[in-house]
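Report on the following structure.
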Amino acid sequence: MLNGLKKIFNKKSSTSKFGIALRRQVGSYAVVDKSTSTCQIDEFFTETTDSAGDWLEELLSSHTFSGRGTLVLSSSHFHSVQIDKPDLPDDEISAALKWLVKDIVPIEPEDMVVDYSDSPVVVAGTQKINVVCANLSHLKKFTDSFKRYQVKLSGITTDEFAFANLVKASEKPTLLLCQQPFEDLLLLIIVNGQIYLSRRLRGFNEIGGYSQEQLMNGICDSLSIELQKSLDYFERQLKQAPVTSIQVILPVVHEDFIVERLNANANIKVEKLVLDTDFAQHRHCAASVGAIVETSIREAQQSE
């Protein structure tokens with residue numbers, strides 16, 4: 001949760017920040033400006049673009065982005081896998097990763113960009129790492145567009161981390177159910193800003209097009225079952241403390257109704273994730289807001 005535009009900026013940060021969130025072919029953007037205490041946030045649609053790369057090119061050519069920002073990739077632009085942490089010095093792991101995952105992800109090692117983070121959960125006594133892979137040629141099209149329009153990109157992240165940035169840090173586990181419009185539903189369990197569990201719930205990407213009657217006749221019940229599966233796995237298999245809060249941010253007309261139905265099926269309170277007032281009417285652009293928070297985190301780390 002964001003607590004006002006001023007909280008996004010530290011003393012050494014740039015006066016303007018932006019976030020751009022890609023989907024399959026379109027996306028959203030958000031910009032905050034400290035000097036004027038203003039923000040811009042919206043989806044951007046075109047009639048001529050056939051890919052996210054074309055969409056990004058048109059967005060950057062028609063809008064002004066000052067300061068620095070973060071680009072968010074949706075699941076169609078990267079692959080994520082969890083593997084055992086290799087028995088190598090930390091400074092050698094990155095170089096070895098593409099060869100360790102080459103048979104798991106459909107990307108040739110020569111065209112692979114790879115990054116990883118340590119999993120905060122040790123599974124059956126084994127340290128795991130979460131590996132994110134993308135096509136180098138694919139990402140280069142994005143970064144070339146930023147260079148072409150002289151827009152400063154501070155980093156690239158995934159939708160998982162962008163959404164996780166919106167959850168208030170707490171030692172008590174929080175389950176976040178979130179979605180970019182017509183993408184897969186994303187289920188995250190977050191503790192102190194770290195993602196302990198991430199699942200993509202296939203088959204719910206069209207949830208924004210369902211009527212209340214359709215949602216009542218099985219859809220919400222199926223969704224409740226998926227939530228309970230994750231809660232049970234987190235507590236029983238991963239041996240973690242029980243989740244104490246379920247928060248929802250879904251860019252759909254019947255979000256309130258879905259929350260109501262999930263509440264009826266759960267023994268944990270389910271409520272809508274609260275966005276800062278400046279962004280509250282643009283829940284469909286939440287990943288872009290999370291990208292701005294990511295930019296702030298990067299700047300704070302660089303200034304330490």
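Report, in deg cm²/dmol and to the nearest 500, the calculated mean residue ellipticity at 222 nm for the chain, where each DSSP H run with n ≥ 4 adds -39500 (n - 2.57) and the sum is divided by the residue count.
The helix-only estimate for the chain comes to -8500 deg cm²/dmol at 222 nm.
Counting other Cβ atoms within 10 Å, which trypsin sites (Lys or Arg not before Pro) in segment 137-180 have at most 11 and lie in a DSSP loop? Here no trypsin sites (Lys or Arg not before Pro) fit, given the DSSP loop and packing criteria. Please tell me which of these pairs span more than 20 angstrom C-alpha to C-alpha: 102/229; 98/239; 172/239; 102/152; 17/140; 239/272? Too far apart for the 20 Å limit: 102/229; 98/239; 102/152; 17/140; 239/272. Shown in residue order for segment 209-218 are the 3J(HN,Hα) couplings computed by the Karplus curve 6.51 cos²θ - 1.76 cosθ + 1.60 at θ = phi - 60°: x, 7, 7, 4, 5, 5, 4, 6, 8, x Hz (x for Gly and Pro). How far is the Cα center of segment 182-226 from the Cα center of segment 96-162, in Å? Rounded to whole Å, the Cα centres lie 24 Å apart.
Among 238, 296, 248, pick out the residue whose Cα is farthest towards the positive end of the charge dipole of segment 224-304, where Lys and Arg carry +1 and Asp and Glu carry -1 on C-beta, about the Cα centre. Selected residue: 238.
Rounded, prolate or oblate: which fits segment 165-304 when a ≥ b ≥ c are the square roots of the eigenvalues of the alpha-carbon gyration tensor, with rounded for a/c under 1.5 and prolate only if a/b beats b/c?
Working: a/c = 2.04, a/b = 1.26, b/c = 1.62.
Oblate shape, in that a/c is at least 1.5 and b/c is the bigger or equal ratio.
Of all DSSP bridge pairs formed entirely within segment 32-160, close to 75 percent run antiparallel.
If you take the square roots of the eigenvalues of the alpha-carbon gyration tensor of the chain and sort them as a ≥ b ≥ c, do you get rounded (a/c under 1.5), prolate (a/b over b/c) or oblate? Don't jump to the answer; show the numbers that get you there.
Numbers: a/c = 1.41, a/b = 1.10, b/c = 1.28.
Rounded, because the longest to shortest axis ratio a/c is under 1.5.
For the chain, complete DSSP H runs whose alpha carbons reach 24 Å or more along their own long axis and whose mean Kyte-Doolittle score is -1.0 or higher are 286-303.
The relative contact order of the chain comes to 23 percent, based on Cα pairs under 8 Å that sit 6 or more residues apart. With contacts taken as Cα pairs under 8 Å and at least 6 residues apart, segment 168-274 reaches a relative contact order of 29 percent. Restriction of the GluC sites (Glu not before Pro) in segment 73-171 to DSSP coil positions whose beta-carbon has at most 11 other beta-carbons within 10 angstrom yields 171.
Bear in mind that the values in this text are calculations on the coordinates, not laboratory data. This is a predicted model, so every value here is computed, not measured. Neighbour counts run over all protein chains shown; Cβ positions are idealised from the backbone, glycine included.
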